[in-house]
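**Q** Pasting in a structure now, in C-alpha cells, and then I'll have a few things to ask.
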Amino acid sequence: MEPAYLEAWTPTSASLGPLLCFASKFLVCWCSEESELAALGIDLGFLVMLGGLAVVFGVESVGLEAGAEAVRGVLVEVVVVHLLLECVFNGWLHPWINPKGATPMTWDMWAHHMGSCFAGMYCKVAGPW
C-alpha cells in the first residue's frame, strides 16, 4: 500500500490538459518566427481559463457546492502540472528552440514556479480533495 502523500499525487486525467498545452506550445513555438510571443500568449490563455474556473469553483455562493470540492482538487493538480511543464519549456526547451530570441528564466521565476509547485503539492496532499 502506498503512503498517503504518494497516493495523492498519482497522475490522473487532469494532467492531460497541461500536457496538451505543453505539446501545442512546443509545436507552435517550433514553427513560429515570434516564439517568445507565441509562448506567452499560450500561457496567458491557459492561465486565464484556469483563473476563471478557480473563481467559479472557489466561490461558495454559486450553487455548485457539491461538485466544487472535487473540481478544486483537479484544478490544483492542473496548475501544478502546468507550472512544472512551464519550467521545462521556459527553462530548457524554449532556449533550445530559439537560442537568440528566448529569454531564459531568471532565478526569481524559478523560485516562483518551484514555490508554487510545492505549495500546490502541499494543498493536494493536506487538502480535503
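The values are calculated or read from the model by the stated rules, or taken from the named source; none is laboratory data. This one's a predicted model, so the numbers in the text were calculated from it and none came from an experiment. Here Cβ is always computed from backbone atoms with ideal geometry, including for glycine, and neighbour counts include all displayed protein chains. Just so you know, the surface numbers come from the protein's heavy atoms only, side chains and all, with ligands and any DNA or RNA stripped out. Shrake-Rupley method; radii C 1.70, N 1.55, O 1.52, S 1.80 Å.
**Q** Computed FRET efficiency, Cβ-Cβ of M109 and L19, R0 25 Å: what is it to the nearest 0.05?
**A** For M109 and L19, the calculated efficiency is 0.75.
**Q** Can you work out the Karplus-derived ³J(HN,Hα) for every residue in region 36-51? Use 6.51 cos²θ - 1.76 cosθ + 1.60 with θ = phi - 60°, whole Hz, and x for glycine or proline.
**A** Per-residue couplings from phi come out as 5, 5, 5, 5, 5, x, 5, 4, 4, x, 5, 6, 5, 4, 5, x Hz.
**Q** Once the whole set of protein chains is in place, how much accessible area is left on C31, using a 1.4 Å probe, in Å² to the nearest 10?
**A** Surface accessible to solvent at C31 totals approximately 110 Å².
**Q** If you don't mind, another one. In terms of solvent-accessible area of protein heavy atoms at a 1.4 angstrom probe, what is the ranking of L44, L93, L84, highest value first?
**A** So the residues, ranked largest to smallest area, are L44, L84, L93.
**Q** To continue, here is another question. Work out, step by step, the length gained on full extension between Y122 and K100: first 0.36 nm times the residue separation, then minus their alpha carbon distance; give nm to one decimal.
**A** Residue separation times 0.36 nm, minus the Cα-Cα distance, leaves 4.2 nm.
**Q** Go through region 23-31 residue by residue and turn each phi into a ³J(HN,Hα) via Karplus (6.51, -1.76, 1.60, θ = phi - 60°); whole Hz please, and just put x for glycine and proline.
**A** The phi angles translate into 5, 5, 5, 4, 5, 5, 5, 5, 9 Hz.
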